[in-house]
1. What relative contact order, as a whole-number percentage, does the stretch 2-127 give when Cα pairs under 8 Å and 6 or more residues apart are counted?
2. When only Cα pairs under 8 Å and 6 or more residues apart are kept, what is the percent relative contact order across the stretch 243-292?
3. Starting with the highest mean, order 69-77, 276-284 by the number of other Cβ atoms within 10 Å, averaged over the residues of each peptide.
4. About the Cα centre, and with charges only on the beta carbon of Lys, Arg (+1) and Asp, Glu (-1), how big is the dipole of the stretch 2-127? Nearest 20 debye, please.
5. Starting from the Cα gyration tensor of the stretch 243-292, multiply each eigenvalue by 5, take the square root, and state the resulting semi-axes largest first in whole Å.
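Read-outs throughout are calculated quantities, based only on the coordinates presented, and are distinct from any laboratory measurement. As the structure is a computational prediction, the values presented were derived from the model and not from experiment. Here the Cβ is made from the backbone with ideal geometry for all residues, glycine too, and neighbour counts use every protein chain on show.
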Amino acid sequence: MAGVFDQIQRASFLGVDFAVMRMSVKGRQRHHVHEFRHRPGGAPEKLGRGLYAFEFDCVFSSVTPLYPNAWPGDLFALRTLFESGTTGDLVVPTIGTIQAFCTDWPVETDFARRRDGETAKLTFLEDSENINLVDNFLDVKLPDLSTKKLELLLEEAGPDWVDAFAAVTEAANAVQTAQDQVELQGELIADKCDQVATACQRVDESFEGLNDPANHEIVSALHELGNAASALGQNILKRANPVTIFTVPARMAITDISVALYGDTSKAMEILTMNDIEDALGIAPGTQLKVYAA
């Protein structure tokens with residue numbers, strides 16, 4: 001039995017290892033096909049990479065030397081993390097580490113064929129939003145090029161286009177002139193960023209001229225501006241939130257700390273990213289952690 005398990009790939013979630021017999025990875029490119037009456041074919045619009053999904057066929061047994069705590073200990077620990085909806089480091093054997101959470105974890109027990117242990121099919125979904133909030137948004141800026149490019153294209157298209165996009169350009173200009181006051185008016189500016197994104201979405205959905213493939217450059221510039229505004233707004237909210245020190249009062253899991261500070265487990269991965277933590281399931285009392293103020 002040990003020789004068989006030696007060949008099985010090792011995966012892990014938040015430091016809890018599990019043996020993988022079979023694995024599948026599903027990736028996709030989000031897209032929308034614009035179709036026009038009385039015209040053959042269509043114009044595909046690429047909307048960016050979708051979330052990766054991972055599916056693992058796993059075995060948890062107490063007779064595997066490489067996984068001495070697999071059953072029932074590790075399986076119980078994983079189930080606890082899954083039930084809390086925790087996002088964390090998923091180590092995929094053929095890819096590496098990615099931020100994900102478990103969406104499904106059906107477990108099968110067959111006592112007629114197996115003396116102990118259980119098999120499970122674990123399905124994980126990438127949580128890229130969590131990664132962006134923690135790492136990328138701190139460096140995101142609203143590109144001046146996005147606004148200028150859109151305005152130039154609108155001027156070339158004519159006065160009707162300029163008027164139709166007035167709410168978008170005015171909201172974007174209001175954000176740009178206020179960026180140097182982030183510390184004083186963080187929430188106000190973040191709200192203005194949301195107004196930009198909303199204005200972009202409304203024009204995208206209502207202005208019929210954007211359905212013409214000839215105007216794809218304007219569509220692209222509009223999407224760039226909306227996405228940048230959303231990213232900048234969340235970046236500003238992060239900066240407006242001061243960092244403080246939390247001293248762990250007793251041995252706690254990272255999810256327990258998130259609940260204690262914020263009322264739920266949604267910030268567990270954020271705390272892990274901000275700190276050097278060896279054991280996310282058992283953080284020693286007295287440990288000082290950097291956290292965003294609640």
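1. Relative contact order for the stretch 2-127 comes out at 27 percent.
2. Reported relative contact order: 57 percent.
3. 69-77, 276-284
4. 620
5. Three semi-axes, in Å: 13, 12, 11.
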